[in-house]
Structures are given as structure tokens and as C-alpha cells.
1. Looking at residue 302, is it closer than 25 Å to residue 379 by Cβ and open to solvent by less than 60 Å² (accessible area, probe 1.4 Å)?
2. Looking at (1) in contact with a strand residue (DSSP E or B) (Cβ under 8 Å, 6 or more places away or on another chain); (2) over 30 Å from residue 369 (Cβ atoms), can you tell me which one residue 850 breaks?
3. Among residues belonging to the stretch 612-639 that are of a type in the set (Val, Ile, Thr) and part of a loop (DSSP other than H, G, I, E, B), point out the one that is least open to solvent (accessible area, probe 1.4 Å).
4. For the stretch 554-581, which positions are within 12 Å of residue 735 (Cβ to Cβ) and of a type outside the set (S, T, N, Q)?
5. Could you check the stretch 585-611 and list, in sequence order, the residues that are among the aliphatic types (A, V, I, L, M) and open to solvent by less than 50 Å² (accessible area, probe 1.4 Å)?
6. Among the residues in the stretch 569-584, are any touching a residue at least 60 places away in the same chain (Cβ under 8 Å), exposed (fewer than 15 other Cβ atoms within 10 Å of the Cβ) and over 23 Å from residue 696 (Cα atoms)?
7. Just to check your reading of the model, which residue among 513, 496 is crowded, with 20+ Cβ neighbours inside 10 Å and either modelled with pLDDT under 95 or touching a Gly at 6+ places or on another chain (Cβ under 9 Å) (or both)?
8. Any residue that is in contact with a helix residue (DSSP H, G or I) (Cβ under 6 Å, 6 or more places away or on another chain), in the same structural domain as residue 935 (by the TED database) and open to solvent by less than 60 Å² (accessible area, probe 1.4 Å) - is there at least one of those in the stretch 845-858?
Amino acid sequence: MWDLSSSFVFSENDVGKNRALASLQKLQELNNAVVISTLTTTLTKQKLSDFQAVVFTDISLEKSLEYNDYCHNHQPPISFIKTEVRGLFGTVFCDFGPKFTVFDVDGEEPHTGIIASISNDNPALVSCVDDERLEFEDGDLVVFSEIQGMKELNDGKPRKIKSVRPYSFTLEEDTTNFGTYVKGGIVTQVKQPKVLNFKPLRAALKDPGDFLLSDFSKFDHPPLLHIAFQALNRFICEFGRFPVARSEEDAQKFISIAGNINECLGEGGVEDINPKLLTHFAFGARAVLNPMAAMFGGIVGQEVVKACSGKFHPLFQFFYFDSVESLPVEPLDPIDFKPLNSRYDAQISVFGSKLQKNLEDAKVFIVGSGALGCEFLKNVALMGVSCGSQGQLTITDDDVIEKSNLSRQFLFRDWNIGQAKSTVAASAAVSINPQLKIEALQNRVGPETECVFNDDFWENLTVVINALDNVNARLYVDQRCLYFQKPLLESGTLGAKCNTQMVIPHLTENYGASRDPTEKQAPMCTVHSFPHNIDHCLTWARSEFEGLLEKTPAEVNAYLSNPSEYATAMRNAADAQAKDNLERILQCLEQEKCETFQDCVTWARLRFEDYFVNRVKQLTFTFPEDATTSTGAPFWSAPKRFPHPLQFSTTDPSHLQFIMAASILRAETFGIPVPDWVKNTKMLAKAVEKVIVPDFQPKEGVNIETDEKATSLSTGSVDDAAVINELLFKLERCRNNLPSGFRMKPIQFEKDDDTNYHMDLIAGLANMRARNYSIPEVDKLKAKFIAGRIIPAIATSTAMATGLVCLELYKVLDGAHKVEDYRNTFANLALPLFSMAEPVPPKVMKHRDMSWTVWDRWILRGNPTVRELIQWLKDKGLNAYSISYGSCLLFNNMFPRHKERLDKKVVDVAREIAKEDLPPYRSHLDVVVACEDDEDNDINIPQISVYYR
């Protein structure tokens, strides 16, 4: 029965069955491509030779030593991982053999720099453009490419660098007799393999070396836990059982055994065996808690991947962790820990039935049911959260399940593709624990859904758990939790990295108090005319895809749906944007109108010519290779790359692939059937050869944007209004020639359908452009990753993050913990690195004998007037001079006419000025008041809620 609180693969019907057999079906459902087998007989050492890596959980230390000796000495060595979770304590040990090679120690892309100059010196000084700071380190090996002049460095030989500064470094090489640097060049970091010498478990127990620390406030815990886990093994061997939960007698026996082991270690032992910590260890030793299992499952899962791939640095070699601060603060009667013959008995043995009741009666809001959301649902279902008569769990997500989700969103299966994420996830969670009280919604959480997630909804919540993948949504939920003073448990993942943040009313700062720097955006002129990396090419490709296949067809339909209204709107706008819209519509319906699939092939071939030939010829005509800037410097200096036009060829597979994808998607927008022959390269080549490609001559006076600060492409200075009227006249004439009811089909970019040709076109656009500028091309998968703006999420870091958050959930629902008991975490399983720290408290503001933080909200009841609000603040020693509601100014003492508002109700002034009806579910409005003290110093006071009902 105790297994039901820690493993999602078991149900109450499985109690009494063999664990391996009972779990087989549900594990197989996770991925049918993985062959899973069971072994229910005694495991022999020889059987281990069938595997590359083995993981042991519930085995004795003696058996562990026997199996590890075999794995360590086997040829080739078998990677050995041993892990245990005992209550709020856990450990991992790794031994990947005497000489294990790590091919990629951190999983990061090799750093690069764009060269600006190289000196002919010994050693040589290499300077890079100040586009981005260099990420190299002293001692790194780098290779050079594309250098003009000093071509000796283009030989691909790794070279060591030193004296690394933000935009320069020294090359440990004599370049005195090399050619003189002219221009260009890329420097790229070379990743070096690392060989690790693992000790076998027998040797590592005696000499564990340095422990991997996770929490510097507990620097003395790992050495003691190293002894504690050995003591537990000895206790079990001696008494044939685990220590009984809350048995002081067993705890003393356990402490005595630990003391004996420590004495035998001599100088290698610890000074203080900390009886209090060991007592907690003994009390919970039999229990496997779900959050701990989730966290350690994530860590160990990543170690298995490392063992099999050599990617990322393995854990070397012991890791110990505890979350003893999750225990209830108030002392409890021993009877509170008595088993109830329920699925939660393991959890009750550690935390007591009082906290279990709090878990079951909690009203929880989980925002998002993707990778994090699925893991959270599994965790809370196993913990019994919202499973009581008073409990309620609400989960919402407006997304549907896609094929790419299945690798990490483990509650979903192949047959769920296309269904609502929240509904499927909720159903799966109920199958894990039928007692779960859950409601699944498909609403996005934001200002537009405050009628769904109204004041009553937020006020009734116990805690909010974010499982989101974008900052704006996180900030909105943070503001709601701040306003209604609800705990918010925040987390996020990025590949092997994860972080957690606890937002606890009045104890910690809120999520929005500290922000990551905004992601650097490439200037528009760089993307459109001067790309120097594949990201720029893919950004341009994504933009062109949306313009050609989504925005223009949508604009065509907007015009055709109501021509007169559309024409009036364009005439009223009378700007460059209106002119551009009309030109695109006319081009689509007249010059580039497609009626047959051959027309679509023609359009695709001419697009190729325009993008990758004509535009490049125009650019290099306007700015020749020897062009200079107004200061006399070379125009084509780094990071700019001089482009070359492509020569279309039906014998180039990438050219034909572009034509195929572009013509198929063009046909889709016009509703033209796609013939089977388009996938036959010979027949497609014949269709392309029929296309007449006009000659192109570059023009004088063409304006090409070069200002990096420009946010939109410049437009010619013509009389837009006159041109718009002319375009509308042509459009009306064109519309009369269209079939009745004609509409186009806009195509929205969808990255996850490999059969829809979306990524084929985007990869084709980007790679042809990269070829223009001699930028390394990428395959479709890498293009999908960048253009699809995919945040890499993997199951291991997701499991770890949610496990850590649920350890904090115990503290939140206990309700008596101080800020120093909570933990924020940053972890990187690739390194591995674990960094835990207590949250930052909120900033305290003071005035007279009052103090407040961002968590405070002042409340004024009785439907006051503006004058009464001002007087209420005056009584606090605050002189109010401005009152705002949202973006509307309700009162400011600088405006004489505002004095007429003093004796009006605040709510009536808000209705009058904001010109909006206050929703019926609202009983108050929130105003921001600017105040000064008697010395005219501005005082930043909390938001004021004025109740009018």
C-alpha cells in the first residue's frame, strides 16, 4: 500500500502483485518504440553483462558492492548507478568505470566570435567586433575560418588562447611571418573530451572525495548522510526491518550504529553526528515520498543518458540531499503519525495526518498542463492534494496535444493528439488517484478571462502553481497572487537546466520583482539585408512565410469580404502601411494570381529568382565589395558578409525541394489540387524548365536600410493618398474578374506536422539565404528548433523541478514556516550543478509608525467620495495629490476643474472618466494614489481598494 504514494504506475488493484509485472503495461505505454522486459527471478552478476548501464534502487549495500565490483571490472565497464530515497533524504552514487570519456561536458553550443583584426605578432592579438561579448575562457582551444589575408589560420588546426577579454584574446602562436590580415573570419571554440577515472563503490565508501553540494547552508550534511545511509543498511541487516516511524527506541539504536561507523572512520569521520538530524532520518527511513522520488528520478534519468551517450558531465561520484526543513514546524503528538491503512500512510509517517488533511482539503490552481503541468498533476495526485471532501484542483490550458509533446508530457499518448491538454491530463491524473477532485478548463489566464477567474475564484484558493512557458503569463499570475495574497510556486526549465522560485505572501519578494534581461533582437536591417548567422536567416524565413502565406491571403479575404469598408479604412489611413497592404493584395490577385498548379510552380521559381538572385544583385550593385562608409571605412567590414547570387539548377536537390514546398503551399492558399507528380523530381524539373525567368538589371537610387536602429523598412516619399486611390481602382477592376465567392486560405505556421511542408519551406528559404552569404546551413530539425522558437524541455529536468516545488508545497500547506525554511533552486543537470538558497524577502517601506511591502493592499470601505479618500490618507500623514484608476486620471490637485469631483463617489468618477461598466462580479475598484509627506517627499504607498458594494 505504501507504494501508492510514490509511484504513478501502481493502483490499489496492484497491491500484492510483483512490482515489475504490475508496472510493465503503463511503462510500455510511455513509448512503444522502447522494448521493456521484466525479470522476476534472482538477478545474477552475469545477467548484468547484457546492459550498458544499470540502476539499482532497493538493494543492500553488500549486494551493491558485489554488483559494482562486477560492473567496474567488466570489459567494457558497465555504468553503475545506485540511488536511494528515504523519507526526506536521498542519495545517488555513480561509477562509469576507470576511464570514462565525456565528449561534451556542458551541452552548450560552441562559442563563436566575428573577427575584426589580427596582429602579426608573437603572441598575436585577435580583436573581435563588439556585436556580442566573447564567451571564451583562458586555455580554450579555437579554430579559425573564412579569414582573408592571414590564410594560414584557416587550416582547421585547434589553437590555444589566453588573456581573454570581452572583445579580444591572445593567440599562443607567432603570426609574424603570416600574411597580413585583410578582413573577415570566424573564430569557434573547440570542445575537448574529458576522461574521468571513477572509483568503485568499495573504495569510494572509504574515500568519497568531495561531495557535490546543493545547499551551502547545509555544508556539513553530506558527510553525515554518507554515514547515515551506511548505518541504515547495517540497521536493516541487524534487525531485519526499517526503523519504526516515530520510534525513539529505534532512533537511538540507529544513532548508536552511526556513531560506531563514524568512530571506525577515524580522521575521516565527522566531528558532530548531529543526533537531531539522524533522528529525523530514522523516523522517515521506510517512506518513499513522491516529490523526492520525482527529483531523484530526474537526476538519475539524466545520469543514465550520460552513461549511454557521453554527453554532459556525470555526477562524480556521491550526491546527498535532504529537505528536512519541509517537516512541520509545530510539534505533533506521536499518535498523529499512526498509519491509517491508506495510500498516504508513507507520507503520514513523515508529516503526520494533520498536514495530510491540509493537503487533501487544499484548493489548488495549476496554470498550464504541458511538460511541467503533467508532472505536477502526477505529483499532487500521489500526494493526495485536493483529494479530500473540501479539496478542489483547477487546471487550465488553452492548448491541444501535439506529437512533439509526447517526449516529455508523459500523461499524453498517441491517441490523444489533437485533444485538449487540460482535459486529457485531468483524466490521466484521476486514473492515478480516483479521489482527486479536479476541474479542467481550456481558458488562457489573463485580463480577458477575469470573468472566469474572478475575485471569488482567486480568494478561495489555497495556493497557485505555475506551469507556464512564457514570461508575460507568469507576470500576470504573479500580479493576481500578489493582489489576493496567495502563495505562488514558480518553476521553469530550459533543456537540462531548471529553476524554482517560491513566492510566499509577506515573506518573499514576488516573481516580477526581479527580471531576466530581455533577449537581444537582431536589428531589422541585419535580418533583411546583412545576416551573419543562421538565426538571422531563419528569422527572415519565418517572416517571409507568414507574409506570403498567412498575412497576405488574410488581407485579401478582408478586402473581398467587404470591399467598400476596406477601401474606406485604407483611404482614412492614407499611410505607407495602407499602400503596402493594397500593393500586396493587387500583386496576389493580379500579377501573381494562380489558377493551375503550373502557375504555382512558376510563382515558386520566380520567388527563388527574386530572393536569392535579383535582390542580391541589387544589394551588391548599391554597395559594391569595395564600397566605403561616410568615414572612409570599408562598408563590408565585420560582422557584414558580402553576398553572392545563386545560380538556379534543377540538378540541385535543395533548389527543387524549395520549389516543391513553395508551390504546394501556394496551391493550398488558392485551393488548387496538388498533383502527385510534384514529388517526382524529374517531372518537377520539367515543370520548372517551362518557366520563363525575365532578365534582371539593378537600378540606380534604390534605398536599402542600413541603420541598425530602424524598426521598419523605409518607404519611398510619394503621395500615398493618390497612390492608394489608384490601387483601389485597379483592385476593384481585378475583383470583378474573380469567381463569385472567391476566398484564399491563409496558412498558419505549424512546426510539428512533418507532412505539411511548412518547415520544408522555411528551411529552404533560410538555407538558400545562408548560401548567399556563405553562412553554414542547417538541417530541417535544427531549423525547426530555431524558427519554431522551441524552448527545449526534457523529462529529466522537468521531473526534478516539479519534485523540488512539491517539497516546498509541504511547507506552504503546513502554514507555519519562516522565510529561511523555503528554498529557491537553480540546477543544471548537464554539469551537474545544484544551487539552493532561501528566497529574498520583500522590500519594506516605512512612514511614521506604519510599514508595508508589495504584498500589502489598503482597503477603504463604505463607498467613499474623493474628498473622503483624501482625508483618510491625510489622517495617516499623507497628502494625496493624484488619484488614478487604470490608465485614467480621476483627480489631480493641479487641475482646477478636478475640484468639482471632490464630493463625488470615487466609483462614480471612475465610471464617468473610464467610460466603462464595472463588472457585476466586482465589489470594489483599485486606485493608485500619489502622495507626499509633510516635507514634500514622495511616498510610494500600496494600492488602495475602494469598496462600493
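The values are calculated or read from the model by the stated rules, or taken from the named source; none is laboratory data. Since the model is a prediction, treat every value here as computed from it, not as a measurement. Here the Cβ positions follow ideal geometry from the backbone for every residue, glycine too, while neighbour counts run over all protein chains shown. For accessibility, only protein heavy atoms count, side chains too; no ligands or nucleic acids. Shrake-Rupley method; radii C 1.70, N 1.55, O 1.52, S 1.80 Å.
1. So residue 302 passes the test.
2. Condition not satisfied by residue 850: (1).
3. 629
4. 556, 559, 560, 563, 566, 567
5. Result: 585, 586, 589, 601, 604.
6. Scanning the stretch 569-584, I find at least one residue that is touching a residue at least 60 places away in the same chain (Cβ under 8 Å), exposed (fewer than 15 other Cβ atoms within 10 Å of the Cβ) and over 23 Å from residue 696 (Cα atoms), so the answer is yes.
7. 496
8. No, because not a single residue in the stretch 845-858 is in contact with a helix residue (DSSP H, G or I) (Cβ under 6 Å, 6 or more places away or on another chain), in the same structural domain as residue 935 (by the TED database) and open to solvent by less than 60 Å² (accessible area, probe 1.4 Å).
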